[in-house]
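J.: Take a look at this one; I'll ask things after.
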Amino acid sequence: MPSKAAPEKKQTHPAVGAAPIQRRLSQSHRGSVTDARDDDQELGNMPTNYMGEHNFFGRQEDQLKLTDAELNEEHTRILTARNPQAAENIVRFSHKERMFKLIPHVDQLAVHFQLDSHLVHKESEEGKRQLMLDSEDVKIQEVEVTTSAAGPDGETSKEGDEDDDEKAKKITASSGKSKKLTNQFNFSERASQTYNNPSRDRETFVEQTPRASFADNVSQWSISDAYNEDFEHQQKAKEKEQKKLVVKKEDDRKKKFVAVDQHGVDDITKLSRSKSASLSLKIVERMINQNTFDAIAQDFKYWEDAADEYREQGGSLLPLWLFQYDMVKKLACTNLTWNSHYNDLFAVAFGSYDFLKQSRGMFVIYSLKNPSFPENIFPTDSGVMSLDFHPHYSNLLCCGFYDGSVAVYNIADENKQPKYHSTSRNGKHTDPVWQVSWQKDDLDNNLNFFSVSSDGRVVCWTLIKNDLTYTDVVQLKLEKPANQTEEGFPLISLGCGTCFDFNIQQDYLFIVGTEEGKIQKCSKSYNNQFLDTFDAHHMAVYAVRWNKFHPKVFASCSADWSVKIWDINYQ
């Protein structure tokens, strides 16, 4: 509340070597001082106080003059506890509501100084211990004073000594152990004892090496007989190999295998095992193919159909190369992928879609420079349903099989066996793997790829040294459970995944197509629920692909003979 105007006072200021001068002062509620009578005096003629200092209680020329009503007016001042340094308009993202929300209340507390007290409450445990120690110190000091008291000649009474000794014994007995001097800080003492590892004696028994006595006579005829027996065994082995190569002709459907001269076969095998000779043979083979398919190569680069000018929204397709391999005639071509580094190289997967007619599978590596025969052939125990080349390591190829397993091959290695292979022990799928795709390396710079299967799982496979580890990224759970148990609990059923694709700009975002005709929008960070669900088609979704130029647009195709383009912001 504003203070009221103070009554006028007369104050006398004594000056050094001069008569006292009286000056009338009037003070208002704002603490102002009225003009002095001697406003026009100069600084040298102004009165001074008893300290010899000038008094400047005069009105300035440019000071505002207020009336009595304005001076008596009361002004209300409100103090608010607000921190001017506190941030305003703080917005944070709510994962629950999926939107940014404004934080209404901000902490206005500002700490300018903080000092911890060294006082302890008397009723606390620490205070009681401190009081007990102080009382014991006082008693010990009293005993020392009484025992040190003596006469002027250094003689003390025996009775006094006995009393002091008894008091000291009582105090020491009551206090127990002697007080241990510690520092002024919080002191704690701990002791530990190392464990001595006991020595043990171990014994092992080694099996005795069997010994046998052998005696024989060595002569020229015995050596000759041994060579003859060895030659007979070699001839019998060659006859068995030749019998396996010869096959009878039945109904003109089987091929004839002619036994060739063994020496000629040895020469060919020796020539093929030489790296320089095999490289020369490949160069000659490609030269022959280049001359043979020169017309097709020219059409591939320069041919244009003149009739396209007269067709509206139409065109023509020109067949170029035809890739065939006799060993895969009874198998279906399931997938194809191009190499990221070599533009003329691509891999083709072969398998069977029939559940009752499953056989061994295969994938081959073809090149546009040699359409007559594959560059590499990799036989497999199960049908190959999907494959994908690594975008940076062009020699690594991951495959998905019909039995639910996945594998990683090195096509540059002469060994045809996979470098990594999943089994039932390390989390393989229980249904066919319809798609595999390499992704960016993880935080530990380990190679990894994803796979989707009809068992409703999207799995991330990581290559760690010689092991292939797995992580379930998401399970394609159906929205409405189909069945229930006897107790009434719903049975969780999973959808059948058929395809997936990752966003180019946001690598954590991907979409999955199912056999139920739905497309699930998923994220690597949330594996318990879907970000969004699209009722895309009435039948199974065969493929989904993100647009490379518009990251929010993707396309899908289905068995219902339809191709649709979607925007993730609109359904």
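J.: Can you give the convex hull volume of the alpha carbon atoms of the stretch 420-474 per residue, in Å³?
T.: 76
J.: How large are Rg and Dmax for the stretch 275-319 when only the alpha carbon atoms are used, in Å?
T.: Radius of gyration, then largest Cα-Cα span, for the stretch 275-319: 17.5, 55 Å.
J.: In Å, what Kirkwood hydrodynamic radius results for the stretch 436-564 from the alpha-carbon pair distances?
T.: Over the stretch 436-564, the inverse of the mean reciprocal pair distance is 15.7 Å.
J.: Can I ask one more? DSSP loop chymotrypsin sites (Phe, Trp or Tyr not before Pro) in the stretch 324-418 with at most 16 other Cβ atoms within 10 Å of their Cβ, which ones? Don't skip to the end; give the middle numbers.
T.: Details: sites: Tyr325, Trp338, Tyr342, Phe346, Phe350, Tyr353, Phe355, Phe363, Tyr366, Phe389, Tyr393, Phe401, Tyr402, Tyr409; in loops: Tyr325, Tyr342, Tyr353, Phe355, Tyr393, Tyr402.
Counting only loop positions with at most 16 other Cβ atoms within 10 Å, the chymotrypsin sites (Phe, Trp or Tyr not before Pro) in the stretch 324-418 are Tyr325, Tyr342, Tyr353, Phe355, Tyr393.
J.: Could I ask something else about it? Eigenvalues of the Cα gyration tensor times 5, then square-rooted: what semi-axes does that give for the stretch 503-570, in whole angstrom, largest first? All intermediate terms of the calculation are to be shown ahead of the outcome.
T.: Details: eigenvalues 73, 44, 16 Å².
Rounded to whole Å, the semi-axes are 19, 15, 9.
J.: So what does the Cα-only Debye profile of the stretch 291-363 read at q = 0.13, 0.18, 0.20 Å⁻¹, as log10 I(q)/I(0), no solvent term?
T.: -0.66, -0.93, -0.99
J.: Moving on to the next point. State the Kirkwood hydrodynamic radius of the stretch 332-475 in Å, one decimal place, computed from all pairs of distinct Cα atoms.
T.: Taking every pair of different Cα atoms in the stretch 332-475, averaging 1/r and inverting gives 15.3 Å.
J.: I'd like the FRET efficiency for Asp507 and Leu318, computed as 1/(1 + (r/R0)^6) with the beta carbon distance as r and R0 of 41 Å, rounded to 0.05.
T.: E(calc), rounded to 0.05, equals 0.60.
J.: Applying the Karplus parametrisation 6.51 cos²θ - 1.76 cosθ + 1.60 with θ = phi - 60° to the phi angles of the stretch 309-326, what ³J(HN,Hα) value in whole Hz is obtained for each residue in order, glycine and proline being reported as x?
T.: With coefficients 6.51, -1.76 and 1.60, one gets 5, 9, 9, 9, 6, x, x, 9, 10, 10, x, 10, 9, 10, 9, 9, 8, 5 Hz.
J.: Let me ask something else about it. Of the cross-linked pairs Lys96/Lys465; Lys440/Lys552; Lys330/Lys419; Lys96/Lys477; Lys357/Lys428, which ones have a Cα-Cα span greater than 31 Å in the structure shown?
T.: The pairs that break the limit, which is 31 Å between Cα atoms, are Lys96/Lys465.
J.: Provide the net charge surrounding His537, with neighbours chosen by a C-beta distance below 11 Å and charges set as Lys +1, Arg +1, Asp -1, Glu -1.
T.: Result for the local shell: -2.
J.: Let me ask something else. Over the Cα atoms of the stretch 357-421, what radius of gyration and what Dmax do you get, in Å?
T.: My reading of the Cα-based Rg and Dmax gives 12.0, 37 Å.
Here, each number is a calculation from the coordinates, and none is a lab measurement. Keep in mind the model is a prediction, meaning the values are calculated, not measured. Using ideal geometry, Cβ is built from the backbone for each residue, glycine included, and neighbour counts are taken over all protein chains shown.
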